[in-house]
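As structure tokens, the structure follows; a few thoughts come after it.
Please treat every number below as a calculation from the coordinates, not as lab data. The shown structure was predicted, so the numbers you read here are calculated from the model rather than taken from an experiment. When we count neighbours, we look across all protein chains shown, and the Cβ atoms used for this are built from the backbone with ideal geometry, even at glycine.
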């Protein structure tokens, strides 16, 4: 699942349009439910996730119940939240490692948590 597929999914399901809030980071997009963020899509160097490459990769941060974050991070493609609260957010790499179905499910959970 890539960022454009996510934008399409959240537009169709939640009528959400990505918000690009930072001039310095024009590809960073916030997904908002009312005023609360339920997703942040960014492009960062892989080494920011502890990987051994400086190549950029798209990621999404989603809000999750704290009791499932630890288990998610045991799986490939999941990381401690980049630049967000590590107790309530998880980072997912958007390189095909995590299935579209899983990402959609976590976006849905994140959206519900911000109701």
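Numbers for the structure displayed
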| quantity | calculated |
| --- | --- |
| Some residue of segment 84-95 being out of contact with any helix residue (DSSP H, G or I) (no Cβ under 7 Å at 6 or more places or on another chain), farther than 22 Å from residue 9 by Cα and part of a strand (DSSP E or B) | no |
| Qualifying positions in segment 47-66 - surrounded by 11 or more Cβ atoms within 10 Å (Cβ to Cβ), more than 23 Å from residue 112 (Cβ to Cβ) and in contact (Cβ under 8 Å) with a residue 12 or more places away in the chain | 48, 49, 56, 57, 58 |
| Residue in segment 67-91 that is nearest to residue 2 (Cα to Cα), counting only those that are touching a residue at least 24 places away in the same chain (Cβ under 8 Å) and within 10 Å of the chain's Cα centre (by Cα) | 91 |
